[in-house]
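The values are calculated or read from the model by the stated rules, or taken from the named source; none is laboratory data. The structure presented is a predicted model; accordingly, all values stated were derived computationally and were not measured. Positions of Cβ are generated from backbone atoms using ideal geometry, with glycine treated the same way; all protein chains shown enter the neighbour counts. Just so you know, the surface numbers come from the protein's heavy atoms only, side chains and all, with ligands and any DNA or RNA stripped out. Shrake-Rupley method; radii C 1.70, N 1.55, O 1.52, S 1.80 Å.
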Amino acid sequence: MRTINKLLLVLFIAITGSEVLFANYAFYRRVTSTCKSYHVEVSSGEMSLSADNKNFAINLISRRNNFEMIMLVGFAAAGKAIIHQKHLQGTISNYNPVIPGQVHVVVTVPMGRDKTIFSAEANALLVQELADGSLDSADFMRKIKDSIQTL
């Protein structure tokens, strides 16, 4: 009897945990596929989602002089993933979407012997507007300019 209870408990945890894992996987997969369509390499190890799904961070590596484009791709990829999560929420019943409130992009630029690291942050609404085309890249960069830092 105790074995059956333990088995049912493990099965229950696996089922409820799999929804969260699927949501994270779907989010990461959308970010990865969007980045790859712009020839920006990223792996799931370079992305992190906070435990409460409120913050998403991605680390990218740029070439020598195009860190702004790489940064925009990171934000747009996160925006596409958020839009996709909202779509899944509308089509799958009892789906718990991953919709972070803040997106943090870190871009490493290999310059000389040392690397330069740029960091920026934007809220989810701006990122979604960038991804769906209702906000162009110049306006987006103007809106987040105060959050851009050199580390």
Original post:
What are the residues in region 76-95 that are within 22 Å of S137 (Cβ to Cβ) and either among the hydrophobic types (A, V, I, L, M, F, W, C) or open to solvent by less than 10 Å² (accessible area, probe 1.4 Å) (or both), if any?
Top reply: A76, A77, A78, G79, A81, I82, I83
Subject >> Given (1) in contact with a helix residue (DSSP H, G or I) (Cβ under 8 Å, 6 or more places away or on another chain); (2) part of a helix (DSSP H, G or I); (3) free of Cβ contacts under 8 Å to residues at least 24 places away in the same chain, index of the condition L135 fails >> reply: (2)
Original post:
Which one of the conditions (1) of a type outside the set (V, I, T); (2) touching a Ser or Thr at 6+ places or on another chain (Cβ under 8 Å); (3) touching a residue at least 60 places away in the same chain (Cβ under 8 Å) does F75 fail to meet, given that it meets all the rest?
Top reply: (2)
**OP:** Assess whether V98 counts as being in a loop (DSSP other than H, G, I, E, B) and surrounded by 14 or more Cβ atoms within 10 Å (Cβ to Cβ).
**Re:** yes
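Conditions tested, residue by residue: (1) exposed (fewer than 13 other Cβ atoms within 10 Å of the Cβ); (2) under 10 Å from the mean Cα position of the chain (by Cα).
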position	(1), (2)
F27	no, yes
V42	no, no
G45	yes, no
L49	no, yes
D52	yes, no
A57	no, yes
R64	yes, no
